[in-house]
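> Below is one structure. I have some questions about it.
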Amino acid sequence: MRKLNSIVIAGASLAGLRAFQALRREGFDGTITLVGAEKHLPYNRPPLSKSMLRGDDEVTLPGAEELGDRWLKGRHAVRLDTSARRLILDDGSEIPYDGLVIATGASPRRLPDAPEGVYTLRTIEDSLALRAELAAGPSDVVVIGGGFIGGEVASTARALGLGVTLVDASPYPMHNVLGTETARWLAGHHRDNGVELVSETRVTGFEGNGRVTGVRLSDGRTLPADLVIAGIGVVPNTDWLDGSGLTMNDGVVCDERLFASGAQDVVAAGDVARWPHSLYGGTLVRVEHWSNANDQGAAAALNLLAGPENAKPFADLPAFATHMHGARVQIAGLPHLADESRVVTGDPAEGRFAVAFAKDGTLVGAVAVNAPKDLIRIKRAIAAGDHLDALA
Ligand SMILES: Cc1cc2nc3c(=O)[nH]c(=O)nc-3n(C[C@H](O)[C@H](O)[C@H](O)COP(=O)(O)OP(=O)(O)OC[C@H]3O[C@@H](n4cnc5c(N)ncnc54)[C@H](O)[C@@H]3O)c2cc1C
(Lines give C-alpha, C1' and ligand atoms only; values in the text may rest on other atoms or scores of the structure.)
Protein backbone atom coordinates (compact mmCIF):
# COMPACT_ATOMS: atom_id res chain seq x y z
CA MET A 1 0.00 0.00 0.00
CA ARG A 2 1.41 3.43 -0.89
CA LYS A 3 1.56 6.17 1.70
CA LEU A 4 -1.19 8.77 1.71
CA ASN A 5 -1.43 10.74 4.95
CA SER A 6 -4.73 12.50 4.49
CA ILE A 7 -7.83 11.61 2.51
CA VAL A 8 -10.81 13.90 2.06
CA ILE A 9 -14.22 12.54 1.09
CA ALA A 10 -16.58 15.13 -0.42
CA GLY A 11 -20.21 14.06 0.00
CA ALA A 12 -21.43 12.24 3.10
CA SER A 13 -24.10 9.91 1.85
CA LEU A 14 -24.01 6.30 0.71
CA ALA A 15 -20.90 6.37 -1.52
CA GLY A 16 -19.01 8.67 0.87
CA LEU A 17 -19.83 6.53 3.91
CA ARG A 18 -18.80 3.32 2.16
CA ALA A 19 -15.51 4.98 1.12
CA PHE A 20 -14.87 5.97 4.75
CA GLN A 21 -15.61 2.46 6.03
CA ALA A 22 -13.45 0.80 3.38
CA LEU A 23 -10.47 3.01 4.27
CA ARG A 24 -10.79 2.15 7.95
CA ARG A 25 -11.32 -1.56 7.23
CA GLU A 26 -8.21 -1.60 5.08
CA GLY A 27 -6.19 -0.23 7.99
CA PHE A 28 -5.68 3.30 6.70
CA ASP A 29 -4.44 5.18 9.75
CA GLY A 30 -4.07 8.67 8.31
CA THR A 31 -6.59 11.49 8.56
CA ILE A 32 -9.96 11.08 6.90
CA THR A 33 -12.08 14.22 6.57
CA LEU A 34 -15.65 13.70 5.42
CA VAL A 35 -17.49 16.82 4.23
CA GLY A 36 -21.27 16.66 3.83
CA ALA A 37 -23.75 19.34 2.83
CA GLU A 38 -26.57 17.71 4.82
CA LYS A 39 -26.93 17.95 8.59
CA HIS A 40 -27.92 14.31 9.13
CA LEU A 41 -25.81 11.24 9.47
CA PRO A 42 -25.73 9.48 6.08
CA TYR A 43 -29.15 7.88 5.52
CA ASN A 44 -30.92 5.60 3.09
CA ARG A 45 -32.76 7.39 0.29
CA PRO A 46 -34.90 4.54 -1.17
CA PRO A 47 -37.47 4.66 1.69
CA LEU A 48 -38.03 8.39 1.04
CA SER A 49 -40.36 7.67 -1.86
CA LYS A 50 -41.84 4.51 -0.30
CA SER A 51 -42.28 3.71 3.41
CA MET A 52 -41.46 7.20 4.70
CA LEU A 53 -44.34 8.71 2.75
CA ARG A 54 -46.61 6.20 4.49
CA GLY A 55 -45.41 7.23 7.96
CA ASP A 56 -42.38 5.03 8.65
CA ASP A 57 -39.34 7.12 9.66
CA GLU A 58 -36.77 4.29 9.42
CA VAL A 59 -33.99 5.42 7.05
CA THR A 60 -30.93 4.21 8.95
CA LEU A 61 -27.94 3.36 6.83
CA PRO A 62 -26.01 0.58 8.57
CA GLY A 63 -22.51 1.79 9.41
CA ALA A 64 -23.43 5.48 9.59
CA GLU A 65 -23.10 5.37 13.37
CA GLU A 66 -19.34 4.68 12.93
CA LEU A 67 -18.91 8.31 11.88
CA GLY A 68 -20.14 9.68 15.22
CA ASP A 69 -19.54 13.39 15.04
CA ARG A 70 -16.12 13.07 13.43
CA TRP A 71 -17.15 14.68 10.18
CA LEU A 72 -17.98 18.12 8.81
CA LYS A 73 -21.75 18.26 8.50
CA GLY A 74 -23.80 21.00 6.90
CA ARG A 75 -20.76 22.15 4.93
CA HIS A 76 -20.48 22.51 1.16
CA ALA A 77 -17.28 22.08 -0.78
CA VAL A 78 -17.38 25.11 -3.11
CA ARG A 79 -14.12 24.74 -5.02
CA LEU A 80 -11.36 22.28 -5.71
CA ASP A 81 -7.74 23.30 -6.32
CA THR A 82 -6.13 20.18 -7.71
CA SER A 83 -2.65 21.70 -8.16
CA ALA A 84 -2.44 22.77 -4.51
CA ARG A 85 -4.46 19.67 -3.47
CA ARG A 86 -6.97 21.67 -1.44
CA LEU A 87 -10.72 21.63 -1.02
CA ILE A 88 -12.31 25.00 -0.28
CA LEU A 89 -15.48 25.01 1.85
CA ASP A 90 -18.39 27.45 2.01
CA ASP A 91 -17.06 29.01 5.24
CA GLY A 92 -13.78 29.85 3.48
CA SER A 93 -11.77 27.12 5.20
CA GLU A 94 -9.38 25.02 3.15
CA ILE A 95 -8.70 21.33 3.63
CA PRO A 96 -5.48 19.90 2.22
CA TYR A 97 -5.49 16.33 0.92
CA ASP A 98 -3.15 13.69 -0.43
CA GLY A 99 -6.10 11.78 -1.88
CA LEU A 100 -9.69 12.84 -2.61
CA VAL A 101 -12.92 10.84 -3.04
CA ILE A 102 -15.66 12.75 -4.85
CA ALA A 103 -19.08 11.42 -3.78
CA THR A 104 -21.34 14.46 -4.09
CA GLY A 105 -24.17 12.56 -5.78
CA ALA A 106 -26.93 14.24 -7.73
CA SER A 107 -29.82 16.69 -7.29
CA PRO A 108 -33.31 16.63 -8.79
CA ARG A 109 -33.89 18.51 -12.01
CA ARG A 110 -36.41 21.30 -11.32
CA LEU A 111 -39.06 22.92 -13.49
CA PRO A 112 -38.79 26.69 -13.81
CA ASP A 113 -41.25 29.04 -12.07
CA ALA A 114 -42.74 26.30 -9.91
CA PRO A 115 -45.18 27.78 -7.36
CA GLU A 116 -45.72 26.49 -3.82
CA GLY A 117 -47.08 22.95 -3.79
CA VAL A 118 -44.65 21.64 -6.45
CA TYR A 119 -42.18 19.18 -4.94
CA THR A 120 -39.07 17.26 -5.87
CA LEU A 121 -37.82 14.36 -3.76
CA ARG A 122 -34.22 13.75 -2.73
CA THR A 123 -33.82 14.45 0.99
CA ILE A 124 -35.46 13.62 4.32
CA GLU A 125 -36.82 17.17 4.41
CA ASP A 126 -38.41 16.72 0.96
CA SER A 127 -40.01 13.44 2.01
CA LEU A 128 -41.39 14.78 5.32
CA ALA A 129 -42.85 17.84 3.60
CA LEU A 130 -44.44 15.68 0.92
CA ARG A 131 -45.78 13.27 3.53
CA ALA A 132 -47.54 16.14 5.32
CA GLU A 133 -49.06 17.28 2.03
CA LEU A 134 -50.30 13.78 1.20
CA ALA A 135 -51.73 13.36 4.69
CA ALA A 136 -53.74 16.57 4.25
CA GLY A 137 -55.73 14.71 1.54
CA PRO A 138 -55.25 16.78 -1.62
CA SER A 139 -57.96 16.21 -4.21
CA ASP A 140 -55.80 16.36 -7.36
CA VAL A 141 -52.27 14.99 -7.18
CA VAL A 142 -50.26 15.36 -10.39
CA VAL A 143 -47.01 13.45 -10.80
CA ILE A 144 -44.71 14.73 -13.54
CA GLY A 145 -42.40 12.05 -14.90
CA GLY A 146 -43.10 8.33 -14.79
CA GLY A 147 -39.60 7.21 -13.75
CA PHE A 148 -39.06 5.18 -10.61
CA ILE A 149 -39.52 8.10 -8.22
CA GLY A 150 -42.64 9.38 -9.99
CA GLY A 151 -44.03 5.85 -10.25
CA GLU A 152 -43.36 5.08 -6.59
CA VAL A 153 -44.96 8.33 -5.42
CA ALA A 154 -47.97 7.70 -7.66
CA SER A 155 -48.24 4.20 -6.20
CA THR A 156 -48.02 5.50 -2.61
CA ALA A 157 -50.55 8.26 -3.25
CA ARG A 158 -53.00 5.73 -4.72
CA ALA A 159 -52.50 3.46 -1.69
CA LEU A 160 -53.52 6.45 0.42
CA GLY A 161 -56.71 6.67 -1.64
CA LEU A 162 -55.80 9.89 -3.47
CA GLY A 163 -56.66 10.78 -7.07
CA VAL A 164 -53.45 10.75 -9.13
CA THR A 165 -52.64 11.83 -12.67
CA LEU A 166 -49.23 10.84 -14.05
CA VAL A 167 -47.87 12.93 -16.94
CA ASP A 168 -45.03 11.44 -18.93
CA ALA A 169 -43.28 12.50 -22.14
CA SER A 170 -42.69 8.98 -23.47
CA PRO A 171 -45.23 6.55 -25.00
CA TYR A 172 -45.13 4.44 -21.80
CA PRO A 173 -43.57 5.28 -18.42
CA MET A 174 -39.90 4.22 -18.12
CA HIS A 175 -39.87 3.25 -21.79
CA ASN A 176 -36.16 4.07 -22.19
CA VAL A 177 -35.20 2.07 -19.14
CA LEU A 178 -37.51 -0.94 -19.28
CA GLY A 179 -38.04 -1.48 -23.01
CA THR A 180 -41.40 -1.63 -24.74
CA GLU A 181 -42.82 -4.90 -23.32
CA THR A 182 -42.34 -3.95 -19.67
CA ALA A 183 -43.12 -0.25 -20.09
CA ARG A 184 -46.41 -1.15 -21.80
CA TRP A 185 -47.19 -3.53 -18.93
CA LEU A 186 -46.31 -0.77 -16.43
CA ALA A 187 -48.70 1.68 -18.11
CA GLY A 188 -51.50 -0.89 -17.75
CA HIS A 189 -50.46 -1.60 -14.17
CA HIS A 190 -50.72 2.10 -13.28
CA ARG A 191 -54.14 2.31 -14.93
CA ASP A 192 -55.37 -0.90 -13.25
CA ASN A 193 -54.45 0.72 -9.95
CA GLY A 194 -56.42 3.87 -10.62
CA VAL A 195 -53.71 6.20 -11.94
CA GLU A 196 -54.85 8.50 -14.74
CA LEU A 197 -52.03 8.29 -17.28
CA VAL A 198 -51.25 11.13 -19.70
CA SER A 199 -48.54 9.90 -22.09
CA GLU A 200 -46.45 11.58 -24.79
CA THR A 201 -47.22 14.93 -23.20
CA ARG A 202 -44.98 17.55 -21.65
CA VAL A 203 -45.63 20.02 -18.88
CA THR A 204 -45.29 23.61 -20.12
CA GLY A 205 -46.05 25.52 -16.92
CA PHE A 206 -48.18 25.94 -13.83
CA GLU A 207 -51.37 27.78 -12.85
CA GLY A 208 -51.77 29.32 -9.46
CA ASN A 209 -51.14 32.54 -7.67
CA GLY A 210 -48.72 31.56 -4.92
CA ARG A 211 -50.01 27.98 -4.52
CA VAL A 212 -50.34 25.63 -7.50
CA THR A 213 -53.89 25.13 -8.86
CA GLY A 214 -53.12 23.55 -12.23
CA VAL A 215 -50.54 22.03 -14.54
CA ARG A 216 -50.39 23.25 -18.15
CA LEU A 217 -49.72 20.59 -20.78
CA SER A 218 -48.17 20.66 -24.24
CA ASP A 219 -51.50 19.49 -25.75
CA GLY A 220 -53.14 22.73 -24.57
CA ARG A 221 -55.00 21.24 -21.62
CA THR A 222 -54.66 22.30 -18.00
CA LEU A 223 -54.91 19.60 -15.32
CA PRO A 224 -56.34 20.68 -11.97
CA ALA A 225 -53.71 20.16 -9.27
CA ASP A 226 -53.36 21.02 -5.62
CA LEU A 227 -50.19 18.92 -5.17
CA VAL A 228 -47.50 18.25 -7.77
CA ILE A 229 -44.45 16.02 -7.59
CA ALA A 230 -41.83 16.38 -10.32
CA GLY A 231 -39.66 13.30 -10.86
CA ILE A 232 -37.89 14.36 -14.03
CA GLY A 233 -34.41 13.06 -13.42
CA VAL A 234 -31.32 14.29 -11.64
CA VAL A 235 -28.18 16.23 -12.45
CA PRO A 236 -24.83 15.27 -10.93
CA ASN A 237 -23.53 17.72 -8.29
CA THR A 238 -20.40 18.98 -10.05
CA ASP A 239 -20.82 22.80 -9.98
CA TRP A 240 -18.21 23.03 -7.26
CA LEU A 241 -15.67 21.36 -9.55
CA ASP A 242 -15.81 24.09 -12.21
CA GLY A 243 -12.28 25.28 -12.89
CA SER A 244 -10.70 22.29 -11.12
CA GLY A 245 -9.24 20.86 -14.31
CA LEU A 246 -11.20 17.62 -13.89
CA THR A 247 -13.00 16.38 -16.99
CA MET A 248 -16.78 16.75 -16.77
CA ASN A 249 -19.39 15.18 -18.99
CA ASP A 250 -22.69 14.73 -17.17
CA GLY A 251 -20.66 13.71 -14.12
CA VAL A 252 -17.00 13.37 -13.21
CA VAL A 253 -15.31 11.42 -15.98
CA CYS A 254 -13.09 8.66 -14.60
CA ASP A 255 -11.00 5.84 -15.97
CA GLU A 256 -12.08 2.25 -15.49
CA ARG A 257 -10.49 2.18 -12.01
CA LEU A 258 -12.50 5.26 -10.98
CA PHE A 259 -9.58 7.72 -11.05
CA ALA A 260 -10.88 11.10 -12.21
CA SER A 261 -9.43 12.37 -15.48
CA GLY A 262 -7.51 15.64 -15.20
CA ALA A 263 -5.84 15.33 -11.79
CA GLN A 264 -3.85 12.87 -9.72
CA ASP A 265 -5.07 10.97 -6.69
CA VAL A 266 -8.71 11.91 -7.13
CA VAL A 267 -11.37 9.20 -7.45
CA ALA A 268 -15.15 9.48 -7.83
CA ALA A 269 -18.01 7.16 -6.88
CA GLY A 270 -21.79 6.89 -6.85
CA ASP A 271 -24.34 9.01 -8.72
CA VAL A 272 -21.70 11.63 -9.60
CA ALA A 273 -19.21 9.28 -11.34
CA ARG A 274 -19.05 8.39 -15.03
CA TRP A 275 -16.65 5.66 -16.01
CA PRO A 276 -15.96 3.24 -18.87
CA HIS A 277 -17.65 -0.07 -18.06
CA SER A 278 -15.52 -2.96 -19.25
CA LEU A 279 -18.50 -5.33 -19.55
CA TYR A 280 -19.90 -2.96 -22.16
CA GLY A 281 -16.80 -2.42 -24.28
CA GLY A 282 -15.75 0.64 -22.32
CA THR A 283 -19.01 2.57 -22.82
CA LEU A 284 -19.05 5.56 -20.44
CA VAL A 285 -21.83 5.05 -17.91
CA ARG A 286 -23.19 6.88 -14.88
CA VAL A 287 -25.41 4.74 -12.69
CA GLU A 288 -27.97 6.25 -10.30
CA HIS A 289 -28.66 3.15 -8.23
CA TRP A 290 -28.19 2.33 -4.56
CA SER A 291 -26.09 -0.79 -5.06
CA ASN A 292 -23.73 1.04 -7.40
CA ALA A 293 -23.06 3.82 -4.86
CA ASN A 294 -22.76 1.22 -2.11
CA ASP A 295 -20.13 -0.88 -3.89
CA GLN A 296 -18.39 1.86 -5.86
CA GLY A 297 -17.73 4.05 -2.80
CA ALA A 298 -15.69 1.26 -1.26
CA ALA A 299 -14.03 0.28 -4.54
CA ALA A 300 -12.96 3.86 -5.33
CA ALA A 301 -11.46 4.35 -1.88
CA LEU A 302 -9.52 1.09 -2.06
CA ASN A 303 -8.24 1.98 -5.53
CA LEU A 304 -7.11 5.37 -4.21
CA LEU A 305 -5.12 3.61 -1.48
CA ALA A 306 -3.68 1.04 -3.87
CA GLY A 307 -2.62 3.65 -6.45
CA PRO A 308 -3.34 3.59 -10.19
CA GLU A 309 -0.87 0.77 -10.95
CA ASN A 310 -2.44 -1.65 -8.46
CA ALA A 311 -6.05 -0.50 -8.69
CA LYS A 312 -8.80 -2.77 -10.03
CA PRO A 313 -11.34 -1.90 -12.74
CA PHE A 314 -14.87 -1.44 -11.44
CA ALA A 315 -17.15 -3.62 -13.55
CA ASP A 316 -20.07 -4.60 -11.30
CA LEU A 317 -23.32 -5.25 -13.11
CA PRO A 318 -25.74 -2.37 -12.41
CA ALA A 319 -28.84 -3.58 -10.54
CA PHE A 320 -31.98 -1.84 -9.37
CA ALA A 321 -35.34 -2.76 -7.89
CA THR A 322 -38.56 -0.84 -7.32
CA HIS A 323 -42.06 -1.62 -6.10
CA MET A 324 -45.11 -0.09 -7.73
CA HIS A 325 -48.67 -0.94 -6.67
CA GLY A 326 -47.41 -4.18 -5.11
CA ALA A 327 -45.40 -5.41 -8.11
CA ARG A 328 -41.66 -5.92 -7.88
CA VAL A 329 -39.77 -4.58 -10.89
CA GLN A 330 -36.05 -5.37 -11.16
CA ILE A 331 -33.50 -4.21 -13.69
CA ALA A 332 -30.02 -5.59 -14.23
CA GLY A 333 -27.31 -4.47 -16.61
CA LEU A 334 -27.99 -1.75 -19.16
CA PRO A 335 -31.12 -2.64 -21.18
CA HIS A 336 -31.07 0.73 -22.96
CA LEU A 337 -27.94 -0.33 -24.89
CA ALA A 338 -29.85 -3.20 -26.56
CA ASP A 339 -30.92 -3.51 -30.17
CA GLU A 340 -33.07 -6.59 -29.43
CA SER A 341 -35.26 -7.82 -26.57
CA ARG A 342 -37.16 -11.01 -25.85
CA VAL A 343 -39.62 -12.16 -23.18
CA VAL A 344 -37.82 -15.25 -21.86
CA THR A 345 -40.10 -16.22 -18.97
CA GLY A 346 -43.76 -15.74 -18.16
CA ASP A 347 -46.14 -13.37 -19.82
CA PRO A 348 -46.79 -9.63 -19.32
CA ALA A 349 -50.52 -10.38 -19.43
CA GLU A 350 -50.10 -12.44 -16.26
CA GLY A 351 -47.99 -9.82 -14.45
CA ARG A 352 -45.04 -12.18 -14.01
CA PHE A 353 -42.32 -12.21 -16.65
CA ALA A 354 -38.69 -11.54 -17.50
CA VAL A 355 -37.23 -9.86 -20.56
CA ALA A 356 -33.66 -10.29 -21.78
CA PHE A 357 -31.91 -7.56 -23.78
CA ALA A 358 -29.07 -8.05 -26.24
CA LYS A 359 -26.83 -5.99 -28.47
CA ASP A 360 -25.42 -7.71 -31.54
CA GLY A 361 -26.72 -10.93 -30.02
CA THR A 362 -24.83 -10.59 -26.69
CA LEU A 363 -26.82 -10.10 -23.50
CA VAL A 364 -26.56 -6.59 -22.04
CA GLY A 365 -29.49 -6.38 -19.63
CA ALA A 366 -32.60 -7.86 -18.08
CA VAL A 367 -35.88 -6.71 -16.61
CA ALA A 368 -38.05 -8.88 -14.37
CA VAL A 369 -41.54 -8.28 -13.03
CA ASN A 370 -42.40 -10.44 -10.03
CA ALA A 371 -39.77 -12.91 -11.24
CA PRO A 372 -36.67 -12.51 -9.02
CA LYS A 373 -35.25 -16.00 -9.65
CA ASP A 374 -35.36 -15.49 -13.40
CA LEU A 375 -33.52 -12.21 -13.01
CA ILE A 376 -30.71 -13.94 -11.13
CA ARG A 377 -30.37 -16.49 -13.92
CA ILE A 378 -30.19 -13.82 -16.64
CA LYS A 379 -27.79 -11.71 -14.56
CA ARG A 380 -25.35 -14.62 -14.45
CA ALA A 381 -25.62 -15.01 -18.21
CA ILE A 382 -24.97 -11.29 -18.79
CA ALA A 383 -21.89 -11.36 -16.55
CA ALA A 384 -20.65 -14.41 -18.48
CA GLY A 385 -21.08 -12.56 -21.80
CA ASP A 386 -23.60 -15.13 -23.05
CA HIS A 387 -25.62 -14.92 -26.24
CA LEU A 388 -29.36 -14.22 -26.09
CA ASP A 389 -30.06 -17.50 -27.89
CA ALA A 390 -28.21 -19.42 -25.17
CA LEU A 391 -30.93 -18.57 -22.64
CA ALA A 392 -33.22 -21.54 -22.28
C1 LIG B 1 -36.42 9.15 -3.25
C2 LIG B 1 -35.36 8.22 -3.77
C3 LIG B 1 -35.63 6.86 -3.88
C4 LIG B 1 -34.66 6.00 -4.37
N5 LIG B 1 -34.96 4.68 -4.48
C6 LIG B 1 -34.03 3.83 -4.96
C7 LIG B 1 -34.29 2.45 -5.07
O8 LIG B 1 -35.40 1.98 -4.74
N9 LIG B 1 -33.31 1.62 -5.53
C10 LIG B 1 -32.09 2.12 -5.92
O11 LIG B 1 -31.22 1.35 -6.38
N12 LIG B 1 -31.80 3.43 -5.84
C13 LIG B 1 -32.74 4.30 -5.35
N14 LIG B 1 -32.44 5.63 -5.24
C15 LIG B 1 -31.12 6.11 -5.69
C16 LIG B 1 -30.05 5.99 -4.60
O17 LIG B 1 -30.55 6.49 -3.40
C18 LIG B 1 -28.83 6.77 -5.06
O19 LIG B 1 -28.28 6.10 -6.16
C20 LIG B 1 -27.79 6.93 -3.95
O21 LIG B 1 -28.29 7.70 -2.89
C22 LIG B 1 -26.53 7.59 -4.48
O23 LIG B 1 -25.64 7.77 -3.44
P24 LIG B 1 -24.46 8.84 -3.54
O25 LIG B 1 -23.74 8.76 -2.24
O26 LIG B 1 -23.70 8.65 -4.79
O27 LIG B 1 -25.16 10.26 -3.71
P28 LIG B 1 -26.24 11.02 -2.84
O29 LIG B 1 -27.08 10.06 -2.08
O30 LIG B 1 -26.89 12.01 -3.75
O31 LIG B 1 -25.36 11.83 -1.78
C32 LIG B 1 -24.51 12.88 -2.11
C33 LIG B 1 -24.29 13.70 -0.86
O34 LIG B 1 -23.34 14.71 -1.15
C35 LIG B 1 -23.82 15.94 -0.65
N36 LIG B 1 -23.21 17.03 -1.43
C37 LIG B 1 -23.56 17.45 -2.67
N38 LIG B 1 -22.75 18.46 -3.07
C39 LIG B 1 -21.88 18.66 -2.05
C40 LIG B 1 -20.80 19.56 -1.86
N41 LIG B 1 -20.45 20.45 -2.81
N42 LIG B 1 -20.12 19.50 -0.69
C43 LIG B 1 -20.46 18.60 0.27
N44 LIG B 1 -21.48 17.73 0.14
C45 LIG B 1 -22.17 17.76 -1.02
C46 LIG B 1 -25.31 15.85 -0.81
O47 LIG B 1 -25.98 16.78 0.03
C48 LIG B 1 -25.57 14.41 -0.40
O49 LIG B 1 -25.69 14.29 0.98
C50 LIG B 1 -33.39 6.51 -4.75
C51 LIG B 1 -33.12 7.88 -4.64
C52 LIG B 1 -34.09 8.73 -4.15
C53 LIG B 1 -33.80 10.20 -4.04
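> Could you compute the FRET efficiency for ALA129 and ASP389, with r as their C-beta to C-beta distance and R0 at 35 Å, rounded to 0.05?
Values: r = 50 Å, r/R0 = 1.44.
With R0 = 35 Å, the Cβ-Cβ based efficiency is 0.10.
> While we're looking at this one, here's another question. If we count every other residue with Cβ under 14 angstrom of PRO112's Cβ, Lys/Arg +1 and Asp/Glu -1, where does the sum land?
+3
> At a Förster distance of 25 Å, what's the computed FRET efficiency of ARG328 paired with ASN176, Cβ-Cβ distance as r, to 0.05?
Calculated transfer efficiency: 0.80.
> Right, another one. What is the antiparallel percent of DSSP beta bridges lying wholly in the chain, to the nearest 5? Write out the running numbers ahead of the final one.
Numbers: 50 of 81 bridges.
Looking only at bridges with both residues in the chain, the antiparallel portion is about 60 percent.
> Classify segment 310-392 as rounded, prolate or oblate, taking a ≥ b ≥ c as the square roots of the eigenvalues of its Cα gyration tensor: rounded when a/c is under 1.5, otherwise prolate if a/b is larger than b/c and oblate if not. Don't skip to the answer; put the middle values down first.
On the way: a/c = 2.17, a/b = 1.37, b/c = 1.58.
Oblate shape, in that a/c is at least 1.5 and b/c is the bigger or equal ratio.
> As I understand it, the value is the acute angle between the Cα axis of helix 124-135 and the longest principal axis of the Cα atoms of the chain; what does it come to in degrees, rounded to 10?
Helix 124-135 sits at roughly 20 degrees to that axis.
> Next up: Report the gain in length on full extension from ARG202 to THR283: 0.36 nm times residue separation, minus Cα-Cα distance, nm rounded to one decimal.
Length difference between fully extended and current span is 26.2 nm.
> With angles folded into 0 to 90 degrees, how steeply does helix 372-383 sit against the dominant principal axis of the chain? Use alpha carbons for both and round to 10.
Computed tilt is about 50 degrees.
> Rounded to the nearest 5, what is the percent of antiparallel bridges among the DSSP beta bridges in segment 235-387?
Among the beta bridges of segment 235-387, antiparallel pairing accounts for roughly 95 percent.
> Say the dipole of the chain comes from +1 at the beta carbon of Lys and Arg and -1 at that of Asp and Glu; which of ALA384, SER139, GLY214 then lies farthest toward its positive end?
Positive-end residue among those listed: ALA384.
> How many nm is it between the label spots at ASP81 and VAL235, if each spot is 7 Å from the Cα in line with the beta carbon?
2.7 nm
> If you don't mind, another one. At a 1.4 Å probe radius, carbon and sulfur cover how many percent of the accessible area of the chain?
After summing per-atom areas, the C and S share lands at 47 percent.
> Would you mind computing, in nm to one decimal, how far apart the modelled labels at GLU66 and SER291 are, each placed 7 Å from Cα along Cα→Cβ?
2.1 nm
> Express in nm, to one decimal, how much length is gained between LEU337 and ASN193 on full extension, taking 0.36 nm for each residue of separation and deducting their alpha carbon distance.
Value of the extension gain: 48.8 nm.
> Taking only Cα atoms, what is the 0 to 90° angle, nearest 10, from helix 290-306's long axis to the longest principal axis of the chain?
Approximately 10 degrees, to the nearest ten.
> Let me spell out the model: positive unit charges on the Cβ of Lys and Arg, negative unit charges on the Cβ of Asp and Glu, origin at the Cα centre of the chain. What dipole size does that give, in debye rounded to 20?
440 debye
> Once a ≥ b ≥ c are taken as the square roots of the eigenvalues of the Cα gyration tensor of the chain, is the result rounded (a/c under 1.5), prolate (a/b larger than b/c) or oblate (a/b not larger than b/c)?
oblate
> Using Cα-Cα distances under 8 Å and only pairs 6 or more residues apart, what relative contact order does segment 326-390 have, in percent?
Contact order relative to length: 34 percent.
> For the chain, what is the accessible area per residue in Å² when the probe is 1.4 Å?
Ligands and nucleic acids excluded, the figure is 42 Å² per residue.
The values are calculated or read from the model by the stated rules, or taken from the named source; none is laboratory data. None of these values were measured; they are calculated from a predicted model. With ideal geometry, Cβ positions are generated from the backbone for all residues, glycine too; neighbour counts draw on all protein chains shown. These area figures cover heavy atoms from the full protein model, side chains too; ligands, DNA and RNA do not enter into them. Shrake-Rupley method; radii C 1.70, N 1.55, O 1.52, S 1.80 Å.
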